[in-house]
Each structure stands twice: as C-alpha cells, then as structure tokens.
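Report on the following structure.
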Amino acid sequence: MSEDSTDRGRHATGGRRRRKPRRRALRVVAWTAAGVVVLGGAGLGYLYVKFNGNIKSVDIDAALGKDRPQNIDNGSMDILVLGSDSRAGANAEYGQDDGGSARSDTAMIVHLYEGHKAASIVSIPRDTLVTRPPCQMSNGRTNPGGARQMFNESFTIGGAACAVKTVEKMSGIRMDHYIEVDFTGFKKIIDKLGGVQVTTTKPIKDYGSHLDLPAGTHKLDGEQALGLVRTRKTIGDGSDLGRIQVQQAFIKALIKQVKGIGVFDDPKRLLDLADTSTKAITTDSKLGDVKSLMSFAAGLQGIDSSNMHMITLPVGADRIDPDRVAPLTKETQLVWDALLKDQPIPPAATENSAGDKGSTGSLVQ
C-alpha cells in the first residue's frame, strides 16, 4: 500500500462550471444539504436581507489564485462538504476548547453529474495521510506542508482554503463550491426538520458521542443525530472508516425524510428552517448570498437517495503507522479519473479498499 501521489500536473486557470437551474430547492447533500434546500421560500425583502446577514462565506478563489486544476466545462459540479469539529463556543460540551481551531470531522467530495440527476459522493477519512501543499495560516505565515500529513489537519492549519487546496492537489479536480457546518448548526437543522427517522439493526451505546439506542426504529432529534454520525468507538473496528459508513447511511435516511415532511406546505416552518440553516453554514463566496444559494439548491432537485453513489476514498492501513490510512494509488486514480470524465466510479476502485469492506453501513437503515 502506498501514499497518495498528489500533484498530478493538471493545474491551470479555470472558471466555474455551468449548471442548469431548477424550479425549487428540495435535496440534501451530505451534512449541510439541509442548510440550502429550504431557501426557495425566502422571497420577502426584509427576510432576504436577514438571511443574507446570516451567511458566512470564504473567498476561496482569492485565497488560492491561479494554482488550481483546470475547470472541465462538461456540466458537472464538484463540492467539498466539511463538518467542522471545533470545540469553541456552543460546541464546548463535546470536548475541551481548542482555542477556536477545528479539524474536518467529516469531509466529502460531492460530484454532481451533468444534468444534476445523479451524484457520486467520496468520503475522505480524516486520518488519511496525504501530501499537504503549502498553505497560508491565519497569522499570515505560510505552512510548508509536506508528505505524510493527516488530511483533517489541513483545515486546522489553513481553514477552508487549505482544505480545498489539499483536495484539489490530491485529486486534480477543481472544487466549484465549498460548504461547511459545525456541530451546533447540524443539531439545530435536524431539530428544525422535526428529526430524522432511522432504523438501527443493533444496539448502539457510545459514551463518547452520548448515544444510547436499542435496536429498532427511532426518530432522532438533533442531539441524537449528531451522536450517531460521530459514533465510532463502539461500531465495526472502532475506526473512522466505520463511522463514515454510518454517516453515509444517515445521509440517505435524511434525504428520504426531507422528501416527506412537507416543508413547503408550512411557511412558518420553512422560514424558521431557512433562518437556522443560513446561520449554520459557511460557504465559498460564490454561494455567500441567498440568491446564489437558492439557485444552487434548486439545481439539486433531481437528486434522490436512489441515484447517489457513496464510497469511501480507497485506502488501506499505512505501511508505517497502523493507526493511519493511506490512499491506494491505483484505485484512487480510478476514482479521480471517473469524476474528471463525469463518469460513474468503477467497482474496481473499491474492491481492495478498507473503507468499503466493512458491514457497519447496514447498522443504520
């Protein structure tokens, strides 16, 4: 097993990909999709201003400049979605305050195929060893990066821009957008949705994530949902790979839930959810206003759980540190090549991957 060979020499100046607008917003993409699907109801002027003021954004283009992969203008779109695990502020109950810094507790590349009727989602284990590119830190200095760096430390060192830069160097794929949500925002979104129904095939009791569920069907509130997607010590082999499979199963359950709750039939609920969601997310600057979010979210209408292909980045145990994983070079390249060509990820890409061999995904239905 070998490390990911990163900079593949496909870098050039590129622009945004075209996307086809839809009539309304309805679909969920990874952790943060609930934060954008509800914005179609924010039409009144004072609400527009209010929601615009809620949204936090980062100018990724300005931070990264021209040293980025070429834009492939084939109608597809790639989004980096991160769940932030900062313990600052309201998140302090989940562990010791880290001084405001954070790591990417969850990281997913969402590839929307041309026409936006189907998607592939690639989860990146947070302890994946990668070659991190140089990144500017908040103090203005440059961290030199280097080989054998944990993936989730990119976000800690250089925030959203460094996380995007690392993914682009790994994959050779330009990220069109960036979306981030933290612990507290995730909980509030789930609560505003009225909870999410899941079925657990086995009991889950995890003191680290404050979750205690018997086997069976449950309507999870925000706190319980957060506990579920953070659980790892008591499932599978206790690694991040098992947790990723549970997260992927939860996402599909969430999508099904959103379809059936009738958000658009309840104006007050819609506006409350829009207010909560716009406060919960951080986006790239191109999505940093309500109008842009509405257009983006509307373009996701055609995506359902049945046409979402979810995998974990093909990895295996690192040859030096058994507590870390390293990308499988050949299999990982199959993933990147497929997404660059806007094609389905071939089964051969995951046949040898430790991330997709386990059965923990069946733990949640």
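Some observations on this one:
- Residue within segment 355-365 that is farther than 25 Å from Met170 by Cα, in contact (Cβ under 8 Å) with a residue 12 or more places away in the chain, under 19 Å from the mean Cα position of the chain (by Cα) and open to solvent by 10 Å² or more (accessible area, probe 1.4 Å) present: yes
- Residue within segment 225-238 that is closer than 16 Å to Ile124 by Cβ, over 15 Å from the mean Cα position of the chain (by Cα), buried (at least 17 other Cβ atoms within 10 Å of the Cβ) and modelled with pLDDT of 90 or more present: no
- Filtered by the rule that a residue be assigned to a loop (DSSP other than H, G, I, E, B), modelled with pLDDT of 95 or more and buried (at least 21 other Cβ atoms within 10 Å of the Cβ), segment 125-144 gives a lone residue, Pro133.
- Residues satisfying the stated conditions in segment 322-339, i.e. out of contact with any helix residue (DSSP H, G or I) (no Cβ under 8 Å at 6 or more places or on another chain), more than 19 Å from Arg243 (Cβ to Cβ) and surrounded by 13 or more Cβ atoms within 10 Å (Cβ to Cβ): Leu328, Thr329, Gln333, Asp337
- The residues of segment 304-321 that are open to solvent by less than 40 Å² (accessible area, probe 1.4 Å) and assigned to a strand (DSSP E or B), listed by number, are Met308, Met310, Ile311, Thr312, Val315, Gly316.
- Any pair with Cβ under 8 angstrom, 6 or more apart, that starts in segment 206-230 at a residue that is without any contact (Cβ under 8 Å) to a residue 60 or more places away in the chain and farther than 22 Å from Lys192 by Cα and ends at one that is surrounded by fewer than 19 Cβ atoms within 10 Å (Cβ to Cβ) and of a type in the set (S, T, N, Q): Asp206/Thr234; Ala215/Thr201; Gly216/Thr199
- Set Leu80, Leu112: member being touching a His at 6+ places or on another chain (Cβ under 9 Å), modelled with pLDDT of 70 or more and crowded, with 23+ Cβ neighbours inside 10 Å: Leu80
- Some residue of segment 274-292 being part of a helix (DSSP H, G or I), open to solvent by 30 Å² or more (accessible area, probe 1.4 Å) and at pLDDT below 85: no
- For Gly185, the conditions (1) under 19 Å from Ser123 (Cβ atoms); (2) within 15 Å of the chain's Cα centre (by Cα) all hold with the exception of (1).
- All positions within segment 122-174 that are basic (Lys, Arg) and closer than 22 Å to Gln245 by Cα: Arg126
- Residue within segment 151-163 that is under 17 Å from Lys252 (Cα atoms) and among the aromatic types (Phe, Trp, Tyr) present: no
The values are calculated or read from the model by the stated rules, or taken from the named source; none is laboratory data. Because the structure is predicted, anything quoted here is derived from the model rather than measured. Cβ atoms come from the backbone with ideal geometry, glycine included; neighbour counts cover every protein chain shown. For the accessible areas, the whole protein counts, side chains as well, though only heavy atoms, and no ligand, DNA or RNA atoms are used. Shrake-Rupley method; radii C 1.70, N 1.55, O 1.52, S 1.80 Å.
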